[in-house]
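Since the structure comes first, as structure tokens, the remarks are kept for the end.
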Amino acid sequence: MTQDRDFQNKVAVITGGANGIGKCAAAQFRSEGALVEIIDSAPGDHFVGDIGDRSVLEAFAESVVAKHGHIYFLINNAPPLMKGIDECSYEDFSRALAVGVTAPCYLSKLFAPYFSDGGSIINISSSRDRMSQPQTESYTAAKGGIAALTHALAVSFAGRVRVNSISPGWIDTAYRKYDGPDAYQQPAGRVGDPLDIANAVLFLCSGKAGFITGENICIDGGMTKLMIYHGDNGWTLSGG
């Protein structure tokens, strides 16, 4: 495979990169010759720490800068806590925002002086930034926050760093294949997997996306575009 010069020997920082979408994105960056630095709370061969802790973020950023002197790409991927209004405490909600919004903003600030020309920030939001299930307030608020943070950062970093966000829909990080209603309820006809998101991350970081900044791309198989009415397309509502 010929490695893309957009990524070769360029430093990509990924939060929550030990599993799921983050792990897949890290593998894709490495396959294109990038140098990948990960922070995750899960144990492993990476910087282990809680991104909800300011001192951890500072230590991580310092370690990346000491090792490389600069970065090209920051992927804010680590997921926040999901708890609903019935059970979510003040502390739970604050924790979700710390991981889902404050950490991405603070890391962007810490790395701001060290972005090389052509740098990009990609924030991983969620289709829940525009639609909800019951009892998901902490996660939904954090994902809505990072989506809005994206266009604010894009304006502040104008001419220096492009900033975009991706809102995944149903992504099965175990790469299972689904049949029946789980698949065909989605206009794309299937459930997504992490590579669907990782491919978009690399595209947005590449020179091919050089005129895209401040944008949010929803990658959900078309689910948020599907209008649902009782009795339409086989959908029925029970209860009332």
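Give region 194-209 a look and list any residue that's in contact (Cβ under 8 Å) with a residue 40 or more places away in the chain and closer than 20 Å to THR224 by Cβ, or say none. Once the filter is applied, which keeps residues that are in contact (Cβ under 8 Å) with a residue 40 or more places away in the chain and closer than 20 Å to THR224 by Cβ, region 194-209 yields PRO194, ILE197, ASN199, VAL201, LEU204.
Residues in region 112-131 that are surrounded by fewer than 16 Cβ atoms within 10 Å (Cβ to Cβ) and either within 21 Å of GLY221 (Cα to Cα) or modelled with pLDDT of 95 or more (or both): PRO113, SER116, MET131. Contact map, region 37-61: residues that are under 11 Å from TYR106 (Cα atoms) and of a type in the set (D, E, K, R) paired with residues that are buried (at least 16 other Cβ atoms within 10 Å of the Cβ) and modelled with pLDDT of 95 or more, Cβ distance under 8 Å, separation 6+ or inter-chain. Pairs shown: ARG54/TYR106; GLU58/LEU110. All of (1) surrounded by fewer than 16 Cβ atoms within 10 Å (Cβ to Cβ); (2) part of a loop (DSSP other than H, G, I, E, B) hold for GLY214 with one exception: (1).
Of the residues that sit in region 35-51 and are among the β-branched types (Val, Ile, Thr) and assigned to a strand (DSSP E or B), which one is surrounded by the fewest Cβ atoms within 10 Å (Cβ to Cβ)? Taking the candidates together, the pick is VAL48.
Per-residue answers, yes or no, for (1) under 19 Å from the mean Cα position of the chain (by Cα); (2) hydroxyl-bearing (Ser, Thr, Tyr); (3) closer than 26 Å to LYS109 by Cα:
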| residue | (1), (2), (3) |
| --- | --- |
| GLY159 | no, no, yes |
| TRP170 | yes, no, no |
| ARG176 | no, no, no |
| GLN186 | no, no, no |
| ASP196 | yes, no, no |
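Only one of the listed residues (VAL163, VAL201) is of a type in the set (A, V, I, L, M), under 23 Å from PHE29 (Cα atoms) and outside any helix (DSSP H, G or I). That residue is VAL163. Between a residue in region 140-164 that is without any contact (Cβ under 8 Å) to a residue 60 or more places away in the chain and among the aliphatic types (A, V, I, L, M) and any residue that is surrounded by 19 or more Cβ atoms within 10 Å (Cβ to Cβ) and in a loop (DSSP other than H, G, I, E, B), which pairs come within a Cβ distance under 8 Å, given they are 6 or more apart or on different chains? Close Cβ pairs satisfying both conditions: ALA158/THR213; VAL163/PHE157; VAL163/THR213. Considering region 105-128 alone, what residues qualify as being free of Cβ contacts under 8 Å to residues at least 60 places away in the same chain, within 19 Å of GLY192 (Cα to Cα) and not in a loop (DSSP other than H, G, I, E, B)? ASN123, ARG128 - these are the residues of region 105-128 that are free of Cβ contacts under 8 Å to residues at least 60 places away in the same chain, within 19 Å of GLY192 (Cα to Cα) and not in a loop (DSSP other than H, G, I, E, B).
When the residues of region 12-27 are narrowed to those that are hydrophobic (A, V, I, L, M, F, W, C) and assigned to a strand (DSSP E or B), which ends up farthest from VAL161 (Cα to Cα)?
Out of the qualifying residues, it is ILE14.
Filtering ALA209, ALA188 for residues that are touching a Gly at 6+ places or on another chain (Cβ under 6 Å), surrounded by 10 or more Cβ atoms within 10 Å (Cβ to Cβ) and modelled with pLDDT of 95 or more leaves a single hit, ALA188. Residue-level analysis places LEU226 outside the set of residues that are in contact (Cβ under 8 Å) with a residue 12 or more places away in the chain, under 18 Å from LYS23 (Cα atoms) and surrounded by fewer than 16 Cβ atoms within 10 Å (Cβ to Cβ).
The values are calculated or read from the model by the stated rules, or taken from the named source; none is laboratory data. Note that the structure is predicted; figures quoted are calculated from it, not measured. Please note: Cβ atoms are built from the backbone with ideal geometry, for glycine as well, and neighbour counts cover all protein chains shown.
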